[in-house]
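Beneath this line is the structure, given in structure tokens, with notes to follow.
Read the figures in this text as sums done on the coordinates, not as results from a lab. In this text the structure is predicted, and so the values were computed from the model without any measurement. Ideal geometry is used to build each Cβ from the backbone, glycine not excepted, and the neighbour counts take in all protein chains shown.
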Amino acid sequence: MNTIHMARVVIGGLVAGLVMNAIDFVVNAVWLAPAWNQSTKALGIDVASIQAGSAIGWITSDFLAGILLVFIYAGIRPRFGPGPKTAVIASLIIFAALHIAYASFVFMSLYPLSLCVQSALGGLVAELAGGQIGCRLYQEERAAVTVRC
């Protein structure tokens, strides 16, 4: 098949984003919340004043990353074949792209390396889990079969 079924990319991507959001919430808003709050306060930022906007941004980011993850899966599927292995490859591509960018928080001395590494490990779990579930929903159209008599 030469075309990507975009409706299925979006559906699979939104499901992947939902899974990623759930895991990221547990990791960053529950488990690492005290460390994020302390580090953010050390920057002189009032955590309460940015929480709502920050949450909306991170939630949207995970949904967009989920859609991009399934799009990558659909694009590499002809070369690597459908299935969990290809979903892992797509998930690792998204993980690398996101967390290389997020590493700038450390490079600019905004947040400690240990906090960003812990968050990245949670992100790895989120992307792998979201990728497995979201990519499982992606299927291409079946070619019409014609029978000649």
request  = Lys and Arg at +1, Asp and Glu at -1: add these up for the other residues within a Cβ distance under 12 Å of Ala87 and post the number.
outcome  = +2
note = With x for Gly and Pro, the residue-by-residue ³J(HN,Hα) of region 61-69, computed from phi through the Karplus equation 6.51 cos²θ - 1.76 cosθ + 1.60 at θ = phi - 60° and given in whole Hz, is 4, 5, 5, 5, 5, x, 5, 5, 4
Net charge, Met20 excluded, C-beta distance under 13 Å - Lys, Arg +1, Asp, Glu -1 = -3
note = If the label point sits 7 Å along Cα→Cβ of Val47, residues of region 14-39 with amide N under 13 Å come out as 28-39
ask   = GluC sites (Glu not before Pro) within region 67-149: which are DSSP loop residues with at most 16 other Cβ atoms inside 10 Å?
value = Glu140, Glu141
task = For region 6-136, give the magnitude of the charge dipole about the Cα centre (Cβ charges: +1 Lys/Arg, -1 Asp/Glu; no others), in debye to the nearest 20.
result = 460
key: Formal net charge of residues neighbouring Leu121 (Cβ-Cβ distance under 15 Å; K, R +1; D, E -1)   = -2
remark   = Under a Gaussian network model of the chain whose springs join Cα atoms within less than 10 Å, the largest fluctuation of Leu14, Leu32, Leu124 belongs to Leu32
query = Going from the alpha-carbon gyration tensor of the chain, what semi-axes, largest first and in whole Å, does one get by taking the root of 5 times each eigenvalue?
reply = 37, 14, 11
query = Looking at the chain, which longest stretch skips every one of the trypsin sites (Lys or Arg not before Pro) that is in a DSSP loop with at most 13 other Cβ atoms within 10 Å, leaving the sites themselves out?
reply = 1-141
remark   = Per the 1/(1 + (r/R0)^6) rule, R0 = 22 Å and r from the Cβ atoms of Ser61 and Trp31, FRET efficiency to 0.05 is 0.70
